[in-house]
Amino acid sequence: MQTEPSSSTAQLTSAVVLNWHDTEQTLDCVRSLLAEPLVDHVFAVDNDADGDLGRALSRLSTDKITLIESVENRGYSAGVNLGLRAALSNGYSNFLMLNNDALLHPDALTHLLRVLHSAEDIAIVAPKIVNPDGTTQSSGSRLNRVTFSIDSLAAPGQADYLTWACVLVPRSTLERVGLLDERYFMYWEDVDYGFRIQAHGGRQVVVPEAVVSHNVSSSHSSAGDKILGYSALGLSTFGQSHGAGIKAAAFIRLCLRAAKLVGQGKGPLARKVLGTWRLARTNSAPAYLLFTGSSSVSGEAS
C-alpha cells in the first residue's frame, strides 16, 4: 500500500512507526496515531516484510498511511530512516518517531509541539515515558563518562540523549544534524544522535506534561543472544565516533563486558563481543549488511 499525504504539509506532523514481525502491536499503534488529529500522515516501515502488516493496514481503509516494505531486516536506524526520508520528501515539518509498542496519552502531541517550537535552540523533544503500570521508564538519560553506564534521570533535566521510543524532531534538526547513523543496528543510535545534537549547540528537552506508555519490545526478546552483538557493535561504533575520552571509556566497558562473559563460561561469545571493536573501526556500511547473509559480522557479533 502506497498513498500520498495531503498536499499542504508545511506545518503538519507526520509519524514514523517501525515494525518487525509484530503486526498486532503495530496495528494498535497506527490506529492510535490515526485518531490523533495533529498527526497528518503515518509512515509505517515494515522490516523483513512478509505481507502481514500490509494486509492488516489495508483493512483500515484510509489514505493517511504510507507503507514502506523492506525485504531485509534493516534494524532500527536504517528502518526509521526509510520512513524519515519518505516524510521529508513529502514536505513535512515535524516528525514524530514512535515505537510500535508505545501509545500516546491524550494531548501528548499538543504539549510536545508547543515546547518544540517555543525556542529556536530546542532541537528535539520527548515525552515522559511510563511503563504500563504508570511508573516512570524514562525522562531523559545521561552517559556516565567514567563508568560508561547509562543513568536515567529521575525527573526531567539536562539529558545527554532522549530515547527514540518517542521523540518529536523538526525538519531543521534533520537538515542540520542529519538522520540516524545507519552503522548502528540496534542500541546506541539514540545516544549518538544526542551527542551530535550537542555538538551542533542544540537543546534536548523532556516535556513532562506529555506522556507515552511503552511496553517492553517483543523484538528484543525475539532477537535472543543477537542482542549482545547488536549492543556491542553499537557501543564500539559510538566509542570510536566521539573523541579520545569517549573512545577509552567505551573500550574499557567493552572489555569488562567480555570479561563477564568469560566468567560465565562463554568464551566464544566474549571473543565475538571484543571483535566488534575492530569491525566498528573499519566499517562504514549500514549495520544491517553486517548481520545478513555470510558477511563477517554474522560470525563475529551475532
Check your understanding: Which one of the conditions (1) crowded, with 22+ Cβ neighbours inside 10 Å; (2) modelled with pLDDT of 95 or more; (3) under 16 Å from the mean Cα position of the chain (by Cα) does Tyr92 fail to meet, given that it meets all the rest?
Key -> (3)
Revision key, fill the gap. In the set Val273, Val262, the lone residue that is among the β-branched types (Val, Ile, Thr) and out of contact with any Gly (no Cβ under 9 Å at 6 or more places or on another chain) is Val262
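Considering only residues that are part of a strand (DSSP E or B) and of a type in the set (Val, Ile, Thr), look in segment 149-178 and name the one that is surrounded by the fewest Cβ atoms within 10 Å (Cβ to Cβ).
Looking only at segment 149-178, we keep the residues that are part of a strand (DSSP E or B), and these are 150-152, 161, 166-170.
If we keep only those that are of a type in the set (Val, Ile, Thr) too, we end up with 150, 167, 169.
Values: Ile150: 14, Val167: 22, Val169: 24.
My answer is Ile150.
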Revision key, fill the gap. The number of residues in segment 117-152 that are within 23 Å of Leu103 (Cα to Cα) and within 18 Å of the chain's Cα centre (by Cα) is 15
Review point. Which of the residues spanning segment 65-119 are more than 10 Å from Val45 (Cβ to Cβ), outside any helix (DSSP H, G or I) and among the β-branched types (Val, Ile, Thr)?
Key: Ile65, Val71
Review point. Asn94: within 18 Å of Pro37 (Cα to Cα), of a type outside the set (D, E, K, R) and touching a helix residue (DSSP H, G or I) at 6+ places or on another chain (Cβ under 8 Å), yes or no?
Key: yes
Practice item. Looking only at segment 180-190, decide whether some residue is surrounded by fewer than 19 Cβ atoms within 10 Å (Cβ to Cβ), within 17 Å of the chain's Cα centre (by Cα) and hydroxyl-bearing (Ser, Thr, Tyr). Key: no
Revision key, fill the gap. Within segment 68-80, restricting to residues that are of a type outside the set (Gly, Ala, Ser) and either at pLDDT below 95 or under 24 Å from Thr163 (Cα atoms) (or both), the one that is surrounded by the fewest Cβ atoms within 10 Å (Cβ to Cβ) is Val71
Review point. Here is a list of conditions, (1) in contact with a helix residue (DSSP H, G or I) (Cβ under 8 Å, 6 or more places away or on another chain); (2) within 14 Å of Ile122 (Cα to Cα), and Met186 meets all of them except one; can you say which number that is?
Key: (2)
Study note, to complete from the structure: Filtering segment 21-64 down to residues that are part of a strand (DSSP E or B) and surrounded by fewer than 22 Cβ atoms within 10 Å (Cβ to Cβ) yields Val39, Asp40
Point to revise | Hey, Asp181 under 30 Å from Tyr288 (Cα atoms) and not in a loop (DSSP other than H, G, I, E, B) or not | key: no
Study note, to complete from the structure: Note on segment 99-115: residues in contact with a strand residue (DSSP E or B) (Cβ under 6 Å, 6 or more places away or on another chain) and either more than 13 Å from Leu38 (Cβ to Cβ) or surrounded by fewer than 20 Cβ atoms within 10 Å (Cβ to Cβ) (or both) are Asn100, Ala102, Leu103, His105, His111, Val115
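The values are calculated or read from the model by the stated rules, or taken from the named source; none is laboratory data. From a predicted model like this one, the values you see are computed outputs, not experimental measurements. Every residue, glycine as well, gets a Cβ built from its backbone with ideal geometry; the counts of neighbours run over all protein chains shown.
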